[in-house]
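Just below is one structure, and these are the notes that go with it.
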Amino acid sequence: MTTLVFGHKSPDTDSTGSPILWAWYLNEVQGTAAEAVLLGEPNTEAAFLLRKWDLPKPRIISDIDAGQACVIVDTNNPAELPANVNNADIQAIIDHHKLVGGLETKGPIDITVRPLACTATIMLDLMGDDAAKMPDWAKATALTCILSDTLEFRSPTTTPHDRAVAEKLAADLGISIPDYAAEMFAAKSDVSAFSDAELLRMDSKEYEVAGTKFRVSVLETTSPAIVLDRKASLMNSMKTVATEDGVDQVLLFVVDILKEEATLLVPNDLVKTLAEKSFGATVTGDAVVLPGIMSRKKQIIPSLTL
C-alpha cells in the first residue's frame with residue numbers, strides 16, 4: 001500500500017512542501033512507496049513554490065479511507081485533518097506545533113514534535129546524512145518552507161538552527177536569501193484574484209476560546225493595503241464563512257512582513273473585547289494595529305482570551 005503524506009487543511013507553503021519532501025525521502029531513501037497529497041488548494045506562495053521549481057501539484061483529497069497508511073506533517077490537530085483520520089493507519093507524525101490531542105492510532109508510531117519554526121527543518125534533521133542526497137528541487141522546497149514559516153527569519157518562532165539550515169541550503173543552491181524571499185513574499189501578497197471567502201480561509205485554523213469557536217485567519221503580506229482596502233467587504237463576508245464552517249467568529253490578522261506588525265479587523269463587540277483582553281489593545285474603530293505580532297502559533301493563539 002502506498003503511504004500518503006499530508007499536512008493540514010488550507011495548505012500553506014510548509015504543508016505543501018513538507019509532504020513533497022517526506023514522500024521523496026520515503027520513496028528514494030527508505031524504499032517505501034509514498035505519495036504527497038494535499039487537503040485543499042495551496043495558497044499563493046505554495047503555488048509559487050510548485051511553479052518556480054516545476055513540481056507537479058499533489059493530488060487533493062477530501063477524506064481518507066479506513067486503514068490507509070499515512071504520515072501526518074505540520075499538524076497534530078484533528079480539526080485540521082480528514083474527518084476519517086482516526087480510522088486510518090497513522091504511521092508517523094512530524095510537527096512543530098503544540099499537542100492538541102484527539103488523534104487515535106492503531107498501534108505505537110513514530111512521533112517527532114520539536115520547537116523549531118518549520119517542519120522541513122525537522123525533516124532534514126531526521127534524514128541525517130541522507131539529506132545530502134536531496135536533488136536541487138528538494139533542497140529548494142525545504143528552503144522555501146523555512147523562509148516562509150520564519151518570514152525570512154523575522155518571525156519570533158525562528159531558531160538559530162532553522163536559520164543555519166536555510167543558509168546552508170541557499171549556499172548549496174547558489175541562491176540569495178533576500179532576493180528569493182522577496183520573490184516568495186511578492187507571490188504571497190498577490191491575492192487580488194481571490195474572493196473574500198477564499199481570503200478568509202486561505203491560511204486559517206480553528207481554535208476554541210472559552211467555549212467560543214474561532215477560525216483564526218492570517219494573511220502575511222508585503223502589501224497590506226491590498227487586503228485592507230477590502231476591509232468592509234471582508235468583514236461582511238465573515239458571518240457567511242463562520243456559518244458555513246460551523247464557527248462562531250472569523251478573526252483576520254493581516255501581517256505586514258516588512259513593518260513586523262499585524263492589523264486585526266474588528267467587525268463587532270466580540271472581537272473588540274477579544275482584542276483588548278488578548279493583546280492589551282485599545283480599539284476605537286473597525287481595525288486595530290498590533291505592533292510586533294507576526295506569529296499565529298507563538299503570539300496569537302497563546303494570547304487569545306475572552
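The numbers here are math on the coordinates, done by the rules we state, and not lab data. Every value quoted in this text rests on a predicted model; they were computed, and no experiment measured them. As a convention, Cβ positions derive from the backbone with ideal geometry for all residues, glycine included, and neighbour counts pool all protein chains shown.
I'd like the distance between the alpha-carbon centres of the stretch 285-301 and the stretch 62-122, rounded to an integer number of Å.
About 27 Å separates the Cα centre of the stretch 285-301 from the one of the stretch 62-122.
Can you tell me which lysines have their Cα less than 22 Å from the Cα of Lys272? Leave out same-chain residues fewer than eight positions away.
Cross-link targets: Lys205, Lys213, Lys231, Lys239, Lys297, Lys298.
Using a basic spin-label model with each label point 7 Å from the Cα along Cα→Cβ, how many nm lie between Ile61 and Glu41?
2.2 nm
For helix 231-245, what angle does its Cα long axis make with the longest principal axis of the chain, in degrees from 0 to 90 and rounded to 10?
Tilt of helix 231-245: around 60 degrees.
Quickly work out the Lys168-to-Arg154 label distance, labels modelled 7 Å from Cα along the C-beta direction, and quote it in nm with one decimal.
Reported label-point gap for Arg154 and Lys168 is 2.7 nm.
Along the Cα-to-C-beta direction of Lys239, a point sits 7 Å from the Cα; which residues of the stretch 270-306 have their amide N less than 19 Å from that point?
270-273, 286-287
With the dipole of the chain worked out from charges on the C-beta (+1 for Lys and Arg, -1 for Asp and Glu) around the Cα centre, which of Ala69, Val288, Thr243 lies farthest toward the positive end?
Farthest along the dipole direction, towards plus: Val288.
Pairs on different chains or at least eight residues apart, Cα atoms closer than 28 Å: how many lysine pairs in the stretch 19-156 fit?
Qualifying lysine pairs in the stretch 19-156: 6.
Determine, from the Cβ-Cβ distance of Lys213 and Asn86 and an R0 of 22 Å, the FRET efficiency 1/(1 + (r/R0)^6), rounded to the nearest 0.05.
Taking R0 as 22 Å, the efficiency between Lys213 and Asn86 is 0.60.
Could you tell me which of rounded, prolate or oblate describes the stretch 254-306, using a ≥ b ≥ c as the square roots of the eigenvalues of the alpha-carbon gyration tensor, with rounded for a/c under 1.5 and, failing that, prolate when a/b is larger than b/c and oblate otherwise?
oblate
Given charges of +1 on the Cβ of Lys and Arg and -1 on the Cβ of Asp and Glu, with all other atoms neutral, how large is the dipole of the stretch 3-186 about its Cα centre, in debye to the nearest 20?
Result for the stretch 3-186 is approximately 100 debye, rounded to the nearest 20.
About the Cα centre of the stretch 196-303, how large is the charge dipole given +1 on each Lys and Arg Cβ and -1 on each Asp and Glu Cβ? Please answer in debye to the nearest 20.
Roughly 200 debye, rounded to the nearest 20.
Which residue, Lys139, Lys259, Lys188, has the most motion in a Gaussian network model of the chain that connects Cα atoms within less than 10 Å?
Looking only at Lys139, Lys259, Lys188, the largest GNM fluctuation is found for Lys259.
As an exercise, identify the chymotrypsin sites (Phe, Trp or Tyr not before Pro) in the stretch 1-101 lying in DSSP coil whose Cβ has no more than 14 other Cβ atoms within 10 Å.
In loop regions of the stretch 1-101 (DSSP not H, G, I, E or B), there are no sparsely surrounded chymotrypsin sites (Phe, Trp or Tyr not before Pro).
According to the square roots a ≥ b ≥ c of the eigenvalues of the Cα gyration tensor, what is the shape class of the stretch 196-303, taking rounded for a/c under 1.5, prolate for a/b larger than b/c otherwise, and oblate for the remainder?
rounded
So what's the angle, to the nearest 10 degrees on a 0 to 90 scale, between helix 177-189 and the longest Cα principal axis of the chain?
60 degrees
Given Leu116, Phe185, Leu258, which one lies farthest toward the positive end of the charge dipole of the chain, if we put +1 on the Cβ of every Lys and Arg and -1 on the Cβ of every Asp and Glu?
Leu258
Mind pulling the angle between the C-alpha long axis of helix 160-173 and the longest principal axis of the chain? Nearest 10 degrees, somewhere in 0 to 90.
Around 60 degrees separate the two axes.
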